[in-house]
1. Would you call residue C:38 surrounded by 22 or more Cβ atoms within 10 Å (Cβ to Cβ), part of a helix (DSSP H, G or I), within 14 Å of chain B (Cβ to nearest Cβ) and among the aliphatic types (A, V, I, L, M)?
2. Taking the condition at negative phi and at pLDDT 95 or above, does residue B:177 pass?
3. Go over the candidates A:56, A:12 one by one and state the one that is farther than 27 Å from residue C:222 by Cα, away from chain C (no Cβ under 13 Å) and either buried (at least 22 other Cβ atoms within 10 Å of the Cβ) or at pLDDT 95 or above (or both).
4. Filter segment A:225-246 for residues that are of a type outside the set (D, E, K, R) and either surrounded by fewer than 22 Cβ atoms within 10 Å (Cβ to Cβ) or over 30 Å from residue B:88 (Cβ atoms) (or both) and give the result.
5. Please pick out the residue among C:105, C:115 that is surrounded by fewer than 22 Cβ atoms within 10 Å (Cβ to Cβ), within 14 Å of chain B (Cβ to nearest Cβ) and modelled with pLDDT of 95 or more.
6. Among the residues of segment C:118-149, what is the count of those that are of a type in the set (Lys, Arg) and within 15 Å of residue C:180 (Cα to Cα)?
7. Among the residues of segment A:254-272, is any within 9 Å of another protein chain (Cβ to nearest Cβ), more than 26 Å from residue A:177 (Cβ to Cβ) and of a type in the set (Ser, Thr, Tyr)?
8. Counting only residues that are more than 30 Å from residue A:145 (Cβ to Cβ) and surrounded by fewer than 16 Cβ atoms within 10 Å (Cβ to Cβ), which one in segment A:73-102 is nearest to the other protein chains (Cβ to nearest Cβ)?
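The values are calculated or read from the model by the stated rules, or taken from the named source; none is laboratory data. Here the structure is a predicted model, which is why all the values come from computation and not from measurement. Positions of Cβ are backbone-derived with ideal geometry, glycine not excepted, and every protein chain shown enters the neighbour counts.
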Amino acid sequence: MPAAATRLTAGAIAAQLSLELDGDSDTPVSGINSLADANAEDAVFVADPKYLPQLADTRAGTAILSPAHRAQFAGTALLSDNPYLAYARLSQLLYPLSTPAAGVHGTALIDASAHVDPTASIGPYVVVAANARIAAGCVVGAHCVLGESVTLGAHTRLHARVVIHDRVALGTQCTVHSGAVIGSDGFGFAPDAAKRWHKIQQIGSVRIGDRVEIGANTTIDCGAIDDTVIADGVILDNQIQIGHNVHIGENAALAGCTGVAGSTHIGARVQVGGHSALLGHLQIADDVILMGHSVVSGSLRSAGVYASVMPVMPVRVWRRLVARFRQLDRRA
Amino acid sequence: MPAAATRLTAGAIAAQLSLELDGDSDTPVSGINSLADANAEDAVFVADPKYLPQLADTRAGTAILSPAHRAQFAGTALLSDNPYLAYARLSQLLYPLSTPAAGVHGTALIDASAHVDPTASIGPYVVVAANARIAAGCVVGAHCVLGESVTLGAHTRLHARVVIHDRVALGTQCTVHSGAVIGSDGFGFAPDAAKRWHKIQQIGSVRIGDRVEIGANTTIDCGAIDDTVIADGVILDNQIQIGHNVHIGENAALAGCTGVAGSTHIGARVQVGGHSALLGHLQIADDVILMGHSVVSGSLRSAGVYASVMPVMPVRVWRRLVARFRQLDRRA
Amino acid sequence: MPAAATRLTAGAIAAQLSLELDGDSDTPVSGINSLADANAEDAVFVADPKYLPQLADTRAGTAILSPAHRAQFAGTALLSDNPYLAYARLSQLLYPLSTPAAGVHGTALIDASAHVDPTASIGPYVVVAANARIAAGCVVGAHCVLGESVTLGAHTRLHARVVIHDRVALGTQCTVHSGAVIGSDGFGFAPDAAKRWHKIQQIGSVRIGDRVEIGANTTIDCGAIDDTVIADGVILDNQIQIGHNVHIGENAALAGCTGVAGSTHIGARVQVGGHSALLGHLQIADDVILMGHSVVSGSLRSAGVYASVMPVMPVRVWRRLVARFRQLDRRA
């Protein structure tokens, strides 16, 4: 855990994050730490009650707590009905992203017809094609490749080695992690009578809203004809695959290794557990929650929590159960 | 959807694609579009009968249709028994890939012993090692890295940021999407008595046929001793993992996020749904079709359609079912 | 299969690998090959008895065998109780990795505050940020990007196009394959009352031990507060996703396409089959073995072999079985 960029007091934090302070407002806060490792200048948080017993032993000077748990901590308390959110906001206050100097690195190759805002930062060995537009405050990391007519909204940040294909548009304040590929061809092929595949040119693109986060090595395909669409506030973890013409609604959250096949529409605020698979051409209603490793082969028309995970068992038990399962067909 | 590179007439398209025309052969066609968004200069297609009702309302001037559905469209018809294939061919006619100018970008580093055909295009910051051979008409995108003795057949195209390791051979007219890694080490280690792993040098390579498509961030390992082999016409979607010494037969198609473990042989024309897992050392017969999210733990000796997807259910129902499933062992 | 870098005799191999020789110690060995393709100067091995019948027909001059099988081979035998391990060691002897010349390529951009040992090799277009430390004998492939204060222990090798984020530490003799991303942000967000996601700055890092292997396009997230930890001797295959604050114990082995969600602790010597999913906040005991495509949704407190793979069946059978499975709830 690094030292925070700034050193604040509990009182200053309470004021900036609109939290109620109970204790010494001058308590210094120079970092966030775990309950076990914190020292007097660290802030800790308890969002899950199972960690409350550790509050008695922590050496932290400041803790973010629900008011109901205030009595269990002897130090300075920052009180919130949503300690996890308060912790998130404090993390942004204490550990703001470093912003590299504005300007284009001498090794970056920017097409003459591209527009790069003078406040943007373009890293080494970046390649930007014709008619791309990079807005104010963008950060484009080393080795990124941006295709023709790509647009990045203000304050969008690409980590090192992101590829954005032709005509993809990202909104403002997006974050794209290393290795992501946005706008690669959708998987569209037509078989002929000899079962040879004929490629369908993928002429749609990808439209990505504001405040979208895209994880490392995640891939998002362009649309076959219409666009693939990721709405505002969506968060995608690492190694997710989004097929052509998928739509993902506002503030949906997909955990790592999930795949969404072509033309599936995911509603707003949907949460998808890691390693899930959504087949193609489905409709997933707003506010659906899929547990980890869900497999969705039909549309889900109403909000609710869904699961299909078959958990591991000792292999001998498992083999007997699979045998019994196969027998179900005969016994019914 | 971008404007097409060329503007044709329905008559010219019928002639070039050997389709039957029914209507005004001078109907202009300047793009392909969806039924909902098309205008008079667009062509649309109907391959799935469920979209037939939209034909009455589309403003498209031209439609690719099965002869049986011709009466349902008032405009110019291009008739085919396989409208989906005709659409694929039209997409290639109207939206040919742009071909960058031949030549080697000034920032590309090409070993003196490598051979690059003068008609090939090598992008910025490409690195090509000793004895590589890049044939006529190849396009190597920005930031690609080609190892020693790599060969690319004529008109093969690598998108930005592809890594091809030493001695890998690709045939003609292949397409490799961004982030793919071909020829990385197979996962071969031998444990000693202390359960420490000793690496087995992976001395095989990867041989890839003609007209193979490889998706974004897909990985294909080199063989342990013999080669990993991908036959002509195979299409691989994004984020697929192909283990060492896998063989994939002609015109097989694997959808995204599928993993194939070492030494499994997949027959010709096999189709694998997305997010499937094939364990190692299996034989999959020609023409097998695996539904999405299939898990294959034994060889499949005959053609047919297979599935193992257990679809999501509301979590309370699911938990009861898993409990019942566990009880099967006791009840039998 | 390439020619070996060196040409040895069976006697020299026996001496160097401490194997018992039975036969002509002058038998030349210039490569390792498969039983089917070997010639007189090749060594073969038999670790799995199912390949024993091929020993009669191989043209190999030398074979690595268990003493019990010696009689089945007419040529020179190298005897070991663990032929697979002996084969691994021979592969390293005959096919040592080529080591590029020491020094920094003229196109590499190394921050002035970074330290690169003069015996290390830094490839073209590499970018190394402030205060990074690259130890003796390291090899950093083309297009790698190393963040601030990254440390690489002696003789660690990064293949082309690896990204290592700020403050990540790798030990000695590690190998990282192309496309891997180490230290990307963990997936940490707190929802507010409107279900908008607020990012939690991920201030931990990743600590990786000695002799760790990390596969192509694998991603390892940095910790939220504390570090993500990969112990000595761990081997990770391609396209694995390791969430924030995961711990993986010594000599564990994870096969391809596996995902491990945040804060799960995996014990020493655990083996995870390909395409497995481990949910978050679990404890997996030392020496657990998970079969391919396992899904782990609860802690596993004791060593043993576990499975949850539901194998494919013909789709008609499968659909009936799923229907029966759903009925279990009613019949119980």
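1. Values: surrounded by 22 or more Cβ atoms within 10 Å (Cβ to Cβ): yes; part of a helix (DSSP H, G or I): no; within 14 Å of chain B (Cβ to nearest Cβ): yes; among the aliphatic types (A, V, I, L, M): yes.
The answer is no for residue C:38.
2. Details: at negative phi: yes; at pLDDT 95 or above: yes.
Taking the combined requirement at face value, the residue satisfies it.
3. On the way: A:56 fails: either buried (at least 22 other Cβ atoms within 10 Å of the Cβ) or at pLDDT 95 or above (or both).
The unique qualifying residue is A:12.
4. Let us first name the residues in segment A:225-246 that are of a type outside the set (D, E, K, R), namely A:225, A:228-231, A:233-236, A:238-246.
If the condition is that a residue be of a type outside the set (D, E, K, R) and either surrounded by fewer than 22 Cβ atoms within 10 Å (Cβ to Cβ) or over 30 Å from residue B:88 (Cβ atoms) (or both), then A:229, A:231, A:233, A:234, A:235, A:238 are the ones that fit.
5. Working: C:115 fails: within 14 Å of chain B (Cβ to nearest Cβ).
Sole residue among the options that is surrounded by fewer than 22 Cβ atoms within 10 Å (Cβ to Cβ), within 14 Å of chain B (Cβ to nearest Cβ) and modelled with pLDDT of 95 or more: C:105.
6. Here is the first cut: in segment C:118-149, the ones of a type in the set (Lys, Arg) are C:133.
Now narrow it down to the ones that are within 15 Å of residue C:180 (Cα to Cα): none.
The total comes to 0.
7. There is no residue in segment A:254-272 that is within 9 Å of another protein chain (Cβ to nearest Cβ), more than 26 Å from residue A:177 (Cβ to Cβ) and of a type in the set (Ser, Thr, Tyr).
8. First, the residues of segment A:73-102 that are more than 30 Å from residue A:145 (Cβ to Cβ): A:73-91, A:93-94.
Then drop every residue that is not surrounded by fewer than 16 Cβ atoms within 10 Å (Cβ to Cβ), which leaves A:74, A:81.
Details: A:74: 21, A:81: 9 Å.
By that ranking, first place goes to A:81.
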